[in-house]
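The values are calculated or read from the model by the stated rules, or taken from the named source; none is laboratory data. Please read these numbers as outputs of a predicted model, since none were measured by experiment. So basically every Cβ, Gly included, is an ideal-geometry build from the backbone, and we count neighbours across all protein chains shown. The area values use the complete protein model at the heavy-atom level, side chains included, leaving out ligands, DNA and RNA. Shrake-Rupley method; radii C 1.70, N 1.55, O 1.52, S 1.80 Å.
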Amino acid sequence: MKKKLAKIGLHTEADLLLHLPLRYEDETRIVTLGRGPWADAVQVEVIVRSAEIQMRPRRQLVVHATDASGSEHELTLRFFSFYPNQQAVFAPGAKIRAFGEVRHGFFGLEMVHPRFHAVAEDEPLPEGLTPIYPTTAGVSNNALRKLIGNALKYGDLADTLSEALRAQFELPEFARCLRFLHAPPAGTPQLPLENRGHPAWRRMKFDEVLAQQLSLRRAYLARREQGAPVLQAEGLLAGRLLAQLPFGLTGAQRRAVEEILRDLAAPHPMQRLLQGDVGAGKTIVAALAACQAIEAGWQAAFMAPTEILAEQHYLKLRAWLEPLGVRVAWLSGSLKSKAKREQLAATAAEAQLVVGTHALIQDGVDFAKLGLAIVDEQHRFGVAQRLALRNKGNNPHQLMMSATPIPRTLAMSYYADLDVTVLDELPPGRTPIRTRLVADSRRDDVVAFVRKLVAEGRQAYWVCPLIEESETLQLQTAEETYAQLLADLPELTVGLVHGRLKAAEKQAVMAAFAAGEIQVLVATTVIEVGVDVPNASLMVIEHAERFGLSQLHQLRGRVGRGQYESSCVLIYAGPLGEIARQRLKIIFEHTDGFEIARQDLQLRGPGEFVGSRQSGVPLLRYADLEADADLIEAARELAENLLRDDLAAAERHLRRWLGTREELLKS
Ligand code: ADP
Ligand code: MG
């Protein structure tokens, strides 16, 4: 039993207490058969006449019974899976209460797989609603109810929040809320319990969010306590880099750089997330941060999630910094062993900036003096990977970057262990991207449009349908699309890039596209993040209805990067499902990443959104970040107060809510 309970995260008494009902069933009443039909599940009481195991049409336990509540109606109970001596429970004459949907079957009224129990002669009906708990095979709801009932009787229900705090945040008392949710008193309406709008639910959600905030903020504060290299410099290197750029920084970039440089000069490690929409110009901000680390005599590392993106960063950073005398090293999984040895040796010695993929965090990579760890597209990495990069240095500063703009409440919740800087301004001179929706019957028009654009000297991306189920199928479609476009556009140079190509092949294709030698680049979503070719002014996405909103937004962000008018053509194939239609509508109507993200959150919920690998994710079971946004701000405020004024209360609260689970979060 212990093992089975552990499987659903129930290790301690507190875990049991906080295992809250999924929903409720109304077993306070017994209906009389024949009075139906009932839309929902109901409870009946019947006397068993006989029970048998039938083999046809499939193996099942069939129980014939008669209504015990007065009508003469007969009822058949069917079980397609049952435990070995279940038949014995249904001895002739036994009185059974069964809860489920009553259907009109071929042989009259029947219930399939009802919840049931044998009742004693004058067993009373429960007075309140029956809680139904999430559970696992081998742990019945009855067993859970008994365990939780005991925990309610003997367990520790002391409030972790003082009366004054409860009054301040308008929260009802913990013990009362908990008892109420596990055993709602007679007459409690079912709806506010099930949609979790009841004040008792609010208290539980608040406590849960508070635990998340306490845990993440405590980790944040603990890390601040540790020393970090003081990266102080006059800014000569950064100044020289800025002087040679063909553009000036936007106001948002300047503010971000200032904030970051201030962090770097402090004696505790920076833990900052730089958020900015696609094309907002995060790379130069990171480069300027690296300049400060380098000028202060330390190394900077720059890690990106894909080979294509990392390579592109490497080329760009080298072009920017090598002329200034900075030594840049490059590490990726595809390096030949001799080159790799050289780059590893440089990393361990004279290199000042090391750019690469996951290769940066492998064993055997030693940094001479890592002072700043930059992670691009950080949501593509797991907690452990970000930690691994940090561990390559002695408590280096960390700069995380993300082009997935996430709504404020979500950021406050999941990124409570980070400081967040937002680049809320795009570089000037960007021509807005025109988005068009085109039915796939008009594909020829799109091909003609590509021809016209290329004649004007521009380039185009053509993204192949996404096939999530099978990478092989995806590849096949990419090759078909490529062949088709070769045939359609014989006078143009068409290239193909996809995830199965060897790194060197990928690099060659991307370099040819960047150099303008390839005019139309057929691609899978490998080009989703970061790729930057300003002369490309058209993004065609086939079967756009299969892509998620953030993917569409990222892909669209590949164009509109130069001075040319750009467009994004979304080819779709009907009939469209409701969600797909909504997604296309949102991407058509909006270009602002934050607005798209906000609508995406409504469409999909937060779990899908930040990815399960963020450190705060395993903590929230009950709170809904969209619906309960107001709770987050209050809980954040209280968490700060408690960590400052009442550590003992913070500890008590964390112990109750996280217990053993906090281990999941160590980052
Ligand atoms: P992202 O935030 O998506 O990583 P990048 O750093 O790749 O964006 O920048 C996108 C493009 O904008 C690059 O070509 C970059 O050189 C250019 N860029 C960045 N900042 C500015 C600016 N202030 N003015 C003009 N162009 C800029
Ligand atoms: Mg980028």
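Results, tabulated for the structure shown:
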quantity: Val559 in the same structural domain as His498 (by TED's automatic domain parsing), crowded, with 24+ Cβ neighbours inside 10 Å and in contact with a strand residue (DSSP E or B) (Cβ under 8 Å, 6 or more places away or on another chain); calculated: yes
quantity: Extreme residue, nearest to the chain's Cα centre (by Cα), among residues of segment 360-398 that are within 16 Å of ligand 1 (Cβ to nearest atom) and assigned to a strand (DSSP E or B); calculated: Val375
quantity: Only one of Glu295, Glu322, Glu311 that is among the charged types (D, E, K, R), away from ligand 2 (no atom under 12 Å from the Cβ) and under 33 Å from the mean Cα position of the chain (by Cα); calculated: Glu311
quantity: Any hit, segment 24-32, residues being over 27 Å from His198 (Cα atoms) and touching a residue at least 24 places away in the same chain (Cβ under 8 Å); calculated: yes
quantity: Selected residue (criterion: surrounded by the fewest Cβ atoms within 10 Å (Cβ to Cβ)) from residues of segment 382-405 that are within 16 Å of ligand 2 (Cβ to nearest atom) and at pLDDT below 85; calculated: Thr404
quantity: Subset of segment 22-31 [surrounded by 15 or more Cβ atoms within 10 Å (Cβ to Cβ) and either among the polar types (S, T, N, Q) or in contact with a Pro (Cβ under 7 Å, 6 or more places away or on another chain) (or both)]; calculated: Tyr24, Glu27
quantity: Hits in segment 273-292 (condition: within 7 Å of ligand 1 (Cβ to nearest atom) and out of contact with any strand residue (DSSP E or B) (no Cβ under 9 Å at 6 or more places or on another chain)); calculated: Val278, Gly279, Ile284
quantity: Single match in Asp445, Asp424, Asp419 (criterion: surrounded by fewer than 20 Cβ atoms within 10 Å (Cβ to Cβ) and within 15 Å of ligand 1 (Cβ to nearest atom)); calculated: Asp424
quantity: Residue in segment 486-504 that is in contact with a Gly (Cβ under 6 Å, 6 or more places away or on another chain) and modelled with pLDDT under 95 present; calculated: no
quantity: Among the candidates Glu295, Glu342, residue that is away from ligand 1 (no atom under 16 Å from the Cβ), surrounded by fewer than 21 Cβ atoms within 10 Å (Cβ to Cβ) and under 22 Å from Glu259 (Cα atoms); calculated: Glu295
quantity: Within segment 248-270, considering residues that are out of contact with any Asp or Glu (no Cβ under 7 Å at 6 or more places or on another chain) and within 16 Å of ligand 2 (Cβ to nearest atom), the one nearest to Gln299 (Cα to Cα); calculated: Ile260
quantity: Selection count where residues are in a loop (DSSP other than H, G, I, E, B) and either without any contact (Cβ under 8 Å) to a residue 40 or more places away in the chain or not hydrophobic (A, V, I, L, M, F, W, C) (or both), scope segment 76-92; calculated: 7
quantity: Residue count for segment 215-251, restricted to those that are open to solvent by less than 70 Å² (accessible area, probe 1.4 Å), over 23 Å from Asn394 (Cβ atoms), in a helix (DSSP H, G or I) and more than 14 Å from ligand 1 (Cβ to nearest atom); calculated: 5
